[in-house]
Amino acid sequence: MKTVLITGITGQDGAYLAKLLLEKNYMVIGTVRSNRCTNTKSFQYLGIEKDIILEELDLLDMANIIRIIQKYKPDEIYNLAAQSSVGLSYSQPIGTFSFNTISVNNLLESIRLFSPDTKLYQASSSEMYGRVENMPIRIETPMHPISPYGVSKMAAHFMVTTYRESYNIYASNGILFNHESFLRSGNFFIKKVIRDSIAIKNNTLKELRVGNLNVKRDFGYAPKYVEVMWKMMQLDEPDDFIICSGKSVLLRDIVDYIFDRMNLSKKLIVVDDSLFRPNEIKDIYGDNSKAKNILDWNYDDSFYDILDILIEEEMAQ
Ligand code: NAP
């Protein structure tokens with residue numbers, strides 16, 4: 001039986017990945033910031049709360065990481081813990097940059113010194129590319145991040161490639177574009193729009209307040225994206241992959257679609273300038289052909305079909 005360590009297991013991707021790896025008969029260890037404050041709702045939702053082992057871990061404390069690695073000797077580590085909100089990174093730039101980089105350095109150094117056979121997956125992000133000249137984005141597209149979050153992920157990304165090339169350790173970056181699910185936290189756009197629309201329908205909210213809707217993003221479905229993380233780690237050699245749908249969708253079209261599905265008047269959509277970010281990527285989409293060819297990954301889902309699933313799931317709850 002293989003042993004896996006998942007940091008950020010309480011998050012959207014962590015929970016879906018834990019479920020997938022349990023189905024593949026892994027022993028799943030998830031790390032949490034604090035046992036006292038751990039939100040286990042997503043584990044209950046997926047029915048996995050009894051099957052995972054939770055360990056308290058401060059990823060900023062390398063001695064702590066070494067202790068866990070020596071205790072479990074994991075075959076694979078998936079590093080998903082991060083301050084993951086682009087919006088929040090503008091108001092918490094130092095915390096975002098510090099955590100998202102030092103945690104990765106600590107993991108890499110712990111693996112190099114104490115567990116060189118452990119494979120590391122790092123959650124990289126499309127936000128590293130930021131303002132791009134040419135699309136679709138490929139691995140070699142020059143990066144120009146425009147948020148503290150994007151900068152932090154880029155620094156971590158290159159620390160991973162540096163360790164891979166310098167010390168020959170197995171470390172790979174999964175460069176994921178936006179992906180959504182029922183388990184997305186409420187401060188992210190898609191979840192917020194669906195939740196607020198249901199609240200308007202139920203007369204518990206008057207209107208939907210949103211920021212800039214004139215931007216496009218490449219959205220996908222989290223349960224299908226975590227499959228690729230695992231597939232990447234089964235390759236003989238470490239490598240980086242872009243994981244995306246290959247198409248971008250205008251945020252305004254998404255809001256209109258959700259409002260139409262719920263028979264709500266578009267007059268209830270209020271664009272609020274105070275919710276605009278200091279800087280915004282206008283359009284972004286990637287090229288997923290490398291993942292499709294090498295990892296034998298099938299993904300041709302329309303985001304509108306995914307929205308249907310998300311709306312149904314949210315209504316059912
Ligand atoms: P998420 O739902 O926001 O989960 C983030 C996880 O990181 C949570 O378990 C959270 O723990 C943990 N975390 C945050 N700050 C921490 C800190 N200071 N110390 C320890 N743990 C901390 O994120 P996600 O959507 O699952 O994404 C997983 C990873 O992929 C993240 O690294 C994210 O940046 C990256 N990514 C996500 C997307 C996307 O569209 N979802 C796209 C590209 C890359 P708590 O429960 O304690 O808060």
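The values are calculated or read from the model by the stated rules, or taken from the named source; none is laboratory data. Keep in mind that this is a model prediction, so the values were computed, not measured. Counting neighbours? That spans all protein chains shown, and the Cβs are built from the backbone with ideal geometry, glycine included.
Figures for the structure shown
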item: Residue within the range 141-150 that is closer than 20 Å to residue 5 by Cβ and either of a type outside the set (Gly, Ala, Ser) or more than 16 Å from the ligand (Cβ to nearest atom) (or both) present; result: no
item: Which listed residue is in contact (Cβ under 8 Å) with a residue 60 or more places away in the chain and basic (Lys, Arg), from 247, 267, 216; result: 216
item: Selection from the range 103-116 of residues that are part of a loop (DSSP other than H, G, I, E, B) and either within 15 Å of the ligand (Cβ to nearest atom) or crowded, with 17+ Cβ neighbours inside 10 Å (or both); result: 115
item: Residues of the range 45-76 satisfying the condition of being within 12 Å of residue 106 (Cα to Cα), touching a Leu at 6+ places or on another chain (Cβ under 8 Å) and of a type outside the set (A, V, I, L, M, F, W, C); result: 64
item: Test for residue 127: is it within 12 Å of the ligand (Cβ to nearest atom) and either more than 21 Å from the chain's Cα centre (by Cα) or within 23 Å of residue 229 (Cα to Cα) (or both); result: yes
item: Yes/no for residue 197 being in the same structural domain as residue 109 (by TED's automatic domain parsing), in contact with a helix residue (DSSP H, G or I) (Cβ under 9 Å, 6 or more places away or on another chain) and small (Gly, Ala, Ser); result: no
item: Every residue from the range 39-56 that is modelled with pLDDT under 95 and not polar (S, T, N, Q); result: 41
item: Condition broken by residue 79, with the remaining ones in (1) free of Cβ contacts under 8 Å to residues at least 12 places away in the same chain; (2) near the ligand (Cβ under 9 Å from one of its atoms) satisfied; result: (1)
item: Residue 169 out of contact with any His (no Cβ under 8 Å at 6 or more places or on another chain) and under 18 Å from residue 216 (Cα atoms); result: no
item: Members of the range 117-134 found to be surrounded by fewer than 18 Cβ atoms within 10 Å (Cβ to Cβ) and either β-branched (Val, Ile, Thr) or at pLDDT below 95 (or both), listed by number; result: 131, 133, 134
item: Test: residue in the range 11-27 that is over 26 Å from residue 220 (Cα atoms), within 9 Å of the ligand (Cβ to nearest atom), of a type outside the set (Lys, Arg) and in contact (Cβ under 8 Å) with a residue 40 or more places away in the chain; result: no
item: Segments classed as strands (runs of 3 or more DSSP E), wholly inside the range 1-102, with at least 2 members that are surrounded by 15 or more Cβ atoms within 10 Å (Cβ to Cβ) and among the aliphatic types (A, V, I, L, M); result: 3-7, 27-32
item: Single condition residue 296 does not satisfy, out of (1) among the acidic types (Asp, Glu); (2) within 30 Å of residue 117 (Cα to Cα); (3) without any contact (Cβ under 8 Å) to a residue 24 or more places away in the chain; result: (3)
